[in-house]
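The values are calculated or read from the model by the stated rules, or taken from the named source; none is laboratory data. Worth saying up front: this structure is predicted, and the values here are computed from it rather than measured. Cβ: placed from backbone, ideal geometry, glycine included. Neighbour counts: every protein chain shown.
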Ligand SMILES: Cc1cc2nc3c(=O)[nH]c(=O)nc-3n(C[C@H](O)[C@H](O)[C@H](O)COP(=O)(O)OP(=O)(O)OC[C@H]3O[C@@H](n4cnc5c(N)ncnc54)[C@H](O)[C@@H]3O)c2cc1C
């Protein structure tokens, strides 16, 4: 099967005016300088600590590129714009956890509000997803303690029960509002517990369809064996396995910690090994079309092409809407997202939102990621430059025709 043309910049940037495209160029250009991103990130963090008014700079730069809005109503405009182009949204109230109970409760309510906003979306907006990081509704330290099997104090047991109740409320709401919950993967020292809780939720809520998805990071060693166990368990216990498959975002942090603790690194020893696990994992999920739903999060063009080919092979003559979706982050790899949608593939964008000051850590991470990912910002830059050049040539041609 022929590859899909992902390089069509007409399709990729159709909704962006030339002014907006130039602005995106400036941003990606700035992010291509690692030192600028490093110093800028530290300055931003300090400015916020000192109470300096930097929100307005962020709102007009990184925030505009990578976020859907400051609140849900602002975000619904982005959701509708994406929906009109055949792209689904996975909304995420993306504040970082501070560790307090009222904030966990607030994050739970915001997530439920996202799910319930489904009825505000006009017909034609594709099946929505909602994203949750469990450290937004429970303390990281508590997850770590539970994972390491240390005995809990009474108040910690109560905190943990409250966390599970919050998560159940979110899943119930997703089931009732025909939405799906993607549970993000985090660092390995809390991730095993996150997976355990996620599987528990799937057992309860995924009887008719995949309401809940766990995330499997294929940069971790022995994740294929873990995936196979999950597939078997789902069949044996009669529930749909919802899998968000990613390579993994905490590479440096994981390796540094393993080195500090003088333990074996949990991460594959090479990018090739990660790629191989990722590709095989994708194939296994798509093969198990009757018991597994796949949400593939990747900006890698080869992976995306492979996904489309395998989906065609294993999903022949099946109407399984929303069951195998590929996704990118808002503001990144638009050429992949919009060209796939243009060709009729099911595709989704992660759309984070929150008040600007609360999104600073998230935005700094996005900027660092665009600098760190090999070729990512240069690939974005090249495509934007190509489209700007094409528009300039077209304008010149139009000018010369009208003078003639
Ligand atoms: C929609 C979406 C949702 C996501 N959700 C999560 C999530 O819940 N949790 C999470 O952790 N991440 C998440 N990510 C981020 C993801 O894990 C990757 O970090 C990011 O997408 C880059 O990987 P890639 O597949 O796009 O492309 P690529 O650029 O091909 O891969 C880069 C990735 O390969 C791996 N890698 C690079 N070098 C090495 C090496 N030397 N050895 C071993 N592995 C290496 C790393 O994982 C690195 O991030 C998400 C991404 C998307 C698009």
task: Could you grab me the full set of residues in region 297-321 that are within 23 Å of residue 273 (Cβ to Cβ) and surrounded by fewer than 16 Cβ atoms within 10 Å (Cβ to Cβ)?
output: 302, 309
message: Can you say whether residue 259 is touching a helix residue (DSSP H, G or I) at 6+ places or on another chain (Cβ under 7 Å) and either in a helix (DSSP H, G or I) or closer than 30 Å to residue 128 by Cβ (or both), as far as the supplied structure shows?
response: no
Single residue of 175, 169 found to be touching a helix residue (DSSP H, G or I) at 6+ places or on another chain (Cβ under 6 Å) and part of a helix (DSSP H, G or I): 175
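Could you please find all residues in region 231-273 being closer than 17 Å to residue 294 by Cβ and either away from the ligand (no atom under 16 Å from the Cβ) or not assigned by TED's automatic domain parsing to the domain that holds residue 329 (or both)? I'd like the intermediate steps shown before the answer.
Just the residues of region 231-273 that are closer than 17 Å to residue 294 by Cβ, to begin with: 231-235, 239-248.
Answer for region 231-273, where residues must be closer than 17 Å to residue 294 by Cβ and either away from the ligand (no atom under 16 Å from the Cβ) or not assigned by TED's automatic domain parsing to the domain that holds residue 329 (or both): 231, 232, 233, 234, 235, 239, 240, 241.
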task: State which residue is farthest from residue 246 (Cα to Cα) when the search covers only region 286-301 and only residues that are more than 15 Å from the ligand (Cβ to nearest atom) and assigned to a helix (DSSP H, G or I).
output: 287
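Can residue 291 be described as outside the structural domain of residue 48 (by TED's automatic domain parsing) and under 18 Å from the mean Cα position of the chain (by Cα)? Working first, answer last.
Values: outside the structural domain of residue 48 (by TED's automatic domain parsing): yes; under 18 Å from the mean Cα position of the chain (by Cα): no.
Taking the combined requirement at face value, the residue does not satisfy it.
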- prompt: Just for region 333-356: of the residues that are touching a strand residue (DSSP E or B) at 6+ places or on another chain (Cβ under 9 Å) and assigned to a loop (DSSP other than H, G, I, E, B), which one is surrounded by the fewest Cβ atoms within 10 Å (Cβ to Cβ)?
  reply: 345
message: Quick check on region 143-160. Is at least one of its residues assigned by TED's automatic domain parsing to the domain that holds residue 274, within 16 Å of the ligand (Cβ to nearest atom) and closer than 30 Å to residue 268 by Cβ?
response: yes
- request: Specify which of the listed residues (187, 195) is free of Cβ contacts under 8 Å to residues at least 40 places away in the same chain, crowded, with 16+ Cβ neighbours inside 10 Å, assigned by TED's automatic domain parsing to the domain that holds residue 221 and within 13 Å of the ligand (Cβ to nearest atom).
  value: 195
query: Checking residue 324 against (1) surrounded by 13 or more Cβ atoms within 10 Å (Cβ to Cβ); (2) near the ligand (Cβ under 10 Å from one of its atoms), which single condition isn't satisfied?
result: (2)
